[in-house]
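S.K.: Pasting in a structure now, in structure tokens, and then I'll have a few things to ask.
The values are calculated or read from the model by the stated rules, or taken from the named source; none is laboratory data. These numbers were taken from a predicted model, which means no experiment stands behind them. Virtual Cβ from ideal backbone geometry, glycine too; neighbours counted across all protein chains shown. With ligands, DNA and RNA removed, areas are computed over all heavy atoms of the protein, side chains included. Shrake-Rupley method; radii C 1.70, N 1.55, O 1.52, S 1.80 Å.
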Amino acid sequence: KKLPPGPTALPLIGNIPQLVYHAWRNKGIVPAFEYFRKTYGNVFTIWLGPFPHISIADFDTNYEVFVKNGNHYKDRLLAPIFEHCNESHGLVFANGEIWAEMRRFTLLTFRNMGVGRDIHEDRVLEEIDGRCAELDATAVDGKVVVNHGEFFELMVGSMINSLLVGKRFEEHNKPEFFHIRHLLHELNKYFTIFDMILPVWILKKFFPHRYQRTKEGMDEIANYVGRIAEKRFEDMKSGKYIVDEENPKDFVDAFLAKMEKENKNGGHPAYTMKSLKFVLSDLWSAGHDTTATTLTSAFNQFANHPEVVKKIRTELMKITNNGSRPLSLQDRTETHYLYATIAEVQRHASILNVNFWKVSDGPTKINGYELDSGEILTAQVSALHANEDIFKNPKEFNPDRFLQNEKLISQLIPFGLGKRSCVGENIAKTNLYLMIGNLLLRYDIQPHGKLPSTEEILPYSSAKVPDTSVKLEFVKL
Ligand code: HEM
């Protein structure tokens, strides 16, 4: 069988030695992928053990495969450990009819809750006001030293918690947030390419500590959000809580209303409390780290590139009448430079070093290669964003590249594409736009001592981690 080109694979271990060598030599997984791309072309095969994995690192082929022929690539290759922990439920680590129904329901619910429109904007602006008030209360001569990684995690976590279970994180419940945050950080340590491919029994037998930490972390996050939903369900049954079906206050309300309806009519089996628990925990984890990481990367870039901040601010001041009102989603068509900057931030931040793999469910053809059913492949988003044939001088932070070539923006796919693309894309875009824009309207960003690095901290991990070892100064304008 002919697969797209790649390094010569050894029996059983495949290309693992070459992957390790090139990752070590090029100082990271993404530069290793870039090496393979340059050597073998935009579509290349890496054998992880005895299984070939096909990476696609250009936009056109990805579009052809995952959008035009998307129906063949609905199934994700599930990392055994995560499938085991989520008991095949939820959105991220599940396939099949329950996943499909939950995805449809989630997208519809977000749309009904006004995501990307005014109602959602109010929620985000309320969150920004709340967090900035806390900062301002500790300012000395208009200046606050901010642990920006933590600040963005709290702001995003609070926003998502409010959207999902109706609760912001304020003084009284902040410890709950810090507990979840700690668990998420622990989980990140075990999110390597090897943890993702090892069968559960091997992890349990040979790496019991890794297995235990992953399982406990995932269970605890699911139980935290699950408990709130469970309590509301009990109150609903006893008549203490009434869900307004037409006007749900959060995701849990919308789900409970739908579950009641479906159960009455003997409807879809996906509407159970177990399903809700795992969908909530997936939305929480997938939505939190990704957005917070992107914001942290953005502000690390801003500290290193004051000229970019200056240009954004000039644009924003003009539109908001010298900052006399907050930046709103309605301003989106006027803020070309801010848009270009967010695109460049997302290109650099590309939060998944290794994107989730998909499995084809029928014979397909990619770039002239006839592939069997069951082939493993992915839009290798990070490699695509570092592809120097598309993005010249990819290491450079240069928002202007998107203004000089307006078509370039369509080559950027930070949220993936096709049937398994990000369900939180509109939430994330709203958050990034309003949070970055409104913070830069309020504060100037300065390094506190050493400049933060814009290199990633764990280049061998599956997910990117930005530098949070130094703090920033937010100086009130
Ligand atoms: C800057 C922020 C974000 C980025 C860069 C991002 C990126 C991604 C990417 C690359 C994927 C995988 C696509 C694939 O498999 O090809 C994904 C999936 C997903 N994202 Fe996001 N995401 C962000 C924010 C969010 C938010 C705010 C939420 C929810 C509140 C969310 C929920 C999800 C879920 C549930 C999936 C799995 C979807 C499925 O398999 O059907 N994400 N995201």
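S.K.: Starting from the Cα of Lys318, draw a straight line to each of the aspartates and glutamates and keep only those under 18 Å, dropping any in the same chain fewer than 8 residues away.
M.R.: Candidates past the 8-residue exclusion: Glu307, Asp331, Glu334, Asp444.
S.K.: Along the charge dipole of the chain, pointing to its positive end and built from +1/-1 on Cβ of Lys, Arg, Asp and Glu, which listed residue (Ile98, Thr61, Gly149) has its Cα farthest out?
M.R.: Comparing the listed Cα positions along the dipole, Thr61 ranks first.
S.K.: OK, next. Determine the alpha carbon to alpha carbon distance for each of Lys258/Lys464; Lys174/Lys249; Lys143/Lys174; Lys204/Lys277; Lys174/Lys237; Lys237/Lys277 and list only those over 27 Å.
M.R.: Lys258/Lys464; Lys174/Lys237
S.K.: Report ³J(HN,Hα) in whole Hz for each residue of region 415-421, in order, from the Karplus equation J = 6.51 cos²θ - 1.76 cosθ + 1.60 where θ = phi - 60°; Gly and Pro get x.
M.R.: Residue by residue, region 415-421 yields 9, x, 8, x, 5, 10, 5 Hz.
S.K.: Once the piece of chain linking Phe51 and Lys310 is laid out straight, how much longer is it, given 0.36 nm per residue of separation minus the C-alpha distance between them?
M.R.: Details: separation 259, 0.36 × 259 = 93.24 nm, distance 4.95 nm.
Taking 0.36 nm per residue and subtracting the Cα distance, the gain is 88.3 nm.
S.K.: Once you charge only the Cβ atoms, +1 for Lys and Arg and -1 for Asp and Glu, what is the size of the charge dipole of region 1-144 about its Cα centre, to the nearest 20 debye?
M.R.: Numbers: 16 positive and 18 negative charges, 212 e Å.
That gives region 1-144 a dipole magnitude of about 1020 debye.
S.K.: Roughly how big is the chain's charge dipole about its Cα centre, with Cβ charges of +1 (Lys, Arg) and -1 (Asp, Glu), in debye to the nearest 20?
M.R.: 740
S.K.: About the Cα centre of region 101-150, what is the dipole size in debye to 20, counting +1 per Lys and Arg Cβ and -1 per Asp and Glu Cβ, all else neutral?
M.R.: It comes to approximately 420 debye.
S.K.: I'd like to know which of Asn173, Pro50, Leu439 lies farthest towards the positive end of the charge dipole of the chain, counting +1 on Cβ of Lys and Arg and -1 on Cβ of Asp and Glu.
M.R.: Going by the charge dipole, the pick is Pro50.
S.K.: Does region 167-284 come out rounded, prolate or oblate by the C-alpha gyration tensor, with a ≥ b ≥ c the root eigenvalues, rounded set by a/c under 1.5 and, if not, prolate when a/b is larger than b/c and oblate if not?
M.R.: oblate
S.K.: Rounded to the nearest percent, how much of the accessible area of the chain (1.4 Å probe, protein heavy atoms only) is carbon and sulfur?
M.R.: In the chain, the share of accessible area belonging to carbon and sulfur is 54 percent.
S.K.: Once phi is turned into ³J(HN,Hα) by the Karplus curve 6.51 cos²θ - 1.76 cosθ + 1.60 with θ = phi - 60°, what whole-Hz value does each residue of region 440-451 show in order, with x for glycine and proline?
M.R.: 6, 6, 9, 10, 8, 10, 10, x, 9, x, 5, 5
S.K.: Students often get this wrong, so check it: of Lys310/Lys471; Lys2/Lys27; Lys167/Lys264, which have C-alpha atoms separated by over 26 Å?
M.R.: Result: Lys2/Lys27; Lys167/Lys264 exceed 26 Å.
S.K.: Report, for the chain, the % of DSSP beta bridges that are antiparallel, rounded to 5. Intermediate values should be presented prior to the final figure.
M.R.: Values: 26 of 30 bridges.
Bridges in the chain that DSSP calls antiparallel: roughly 85 percent.
S.K.: Oh, and also: From the phi of every residue in region 23-36, what ³J(HN,Hα) in whole Hz does the Karplus formula 6.51 cos²θ - 1.76 cosθ + 1.60 yield, where θ is phi - 60° and glycine or proline is x?
M.R.: Result, rounded to whole Hz: 5, 5, 5, 9, 6, x, 5, 5, x, 5, 4, 5, 4, 4.
S.K.: Starting from the Cα of Lys419, draw a straight line to each of the aspartates and glutamates and keep only those under 16 Å, dropping any in the same chain fewer than 8 residues away.
M.R.: Here the aspartates and glutamates satisfying the reach criterion relative to Lys419 are Glu64, Asp75, Glu97, Glu101, Asp361.
S.K.: Using the heavy atoms of the protein chains and a 1.4 angstrom probe, tell me the accessible area per residue for region 108-170 in square angstrom.
M.R.: On a per-residue basis, region 108-170 sits at 39 Å².
S.K.: Using the beta-carbon distance between Ile457 and Asp361 and R0 = 35 Å, what value does 1/(1 + (r/R0)^6) give for FRET efficiency, to the nearest 0.05?
M.R.: 0.40
S.K.: Extent of the chain along each principal axis, from alpha carbon coordinates, in Å, largest to smallest?
M.R.: 65, 59, 42
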